[in-house]
Amino acid sequence: MQCVFIQLQCEIGETYDVAEAIVDREFHSEIYSTSGNYDLLIKVYVPDGEDIGRFVNQHLSGIDGIVRSYTTLTFKAF
C-alpha cells in the first residue's frame, strides 16, 4: 500500500459538507480540518500497483465544494 496525503481547499462554508461526503465514501484512513491554504488533510492508502491519480480522481470526483486538491506522495517511513 502507498500512503498518500491529499489536501483540499473548499469553497467558503463547505468544508464540513465536503468532509462528511468523504467520510461517507469510506476510502480514507484519517481526515483532519487544517488551517492555512487548505481546509482538509486526508490520509489514504492506495493499493500497490493502482494508479494514484486515478484513485484520487475516482474517490473525490462528484463531491461538491472542492476548489483545489494537492496530493503528496510518501516514501520510506523513519
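Yes or no, residue by residue, for (1) modelled with pLDDT of 95 or more; (2) surrounded by 11 or more Cβ atoms within 10 Å (Cβ to Cβ); (3) aliphatic (A, V, I, L, M):
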| position | (1), (2), (3) |
| --- | --- |
| PHE5 | yes, yes, no |
| GLN9 | yes, yes, no |
| THR15 | yes, yes, no |
| ALA21 | yes, yes, yes |
| ASP24 | yes, no, no |
| THR34 | yes, yes, no |
| ASP39 | yes, yes, no |
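Is one or more of the residues making up region 60-72 assigned to a strand (DSSP E or B), exposed (fewer than 13 other Cβ atoms within 10 Å of the Cβ), in contact with a helix residue (DSSP H, G or I) (Cβ under 8 Å, 6 or more places away or on another chain) and not polar (S, T, N, Q)?
no
So which of GLY49, GLY13 is without any contact (Cβ under 8 Å) to a residue 40 or more places away in the chain and farther than 22 Å from PHE75 by Cα?
GLY13
In region 41-52, how many are surrounded by 10 or more Cβ atoms within 10 Å (Cβ to Cβ) and more than 11 Å from the chain's Cα centre (by Cα)?
Qualifying residue count for the region: 4.
So, in region 43-59, of the ones that are assigned to a strand (DSSP E or B) and touching a Phe, Trp or Tyr at 6+ places or on another chain (Cβ under 7 Å), which residue ends up farthest from ASP24 (Cα to Cα)?
Among those that are assigned to a strand (DSSP E or B) and touching a Phe, Trp or Tyr at 6+ places or on another chain (Cβ under 7 Å), it is VAL46.
Which one is nearest to the chain's Cα centre (by Cα), of the residues in region 1-18 that are closer than 20 Å to ILE52 by Cα and hydrophobic (A, V, I, L, M, F, W, C)?
ILE6
The values are calculated or read from the model by the stated rules, or taken from the named source; none is laboratory data. Here the structure is a predicted model, which means the values were calculated and not measured. Cβ atoms come from the backbone with ideal geometry, glycine included; neighbour counts cover every protein chain shown.
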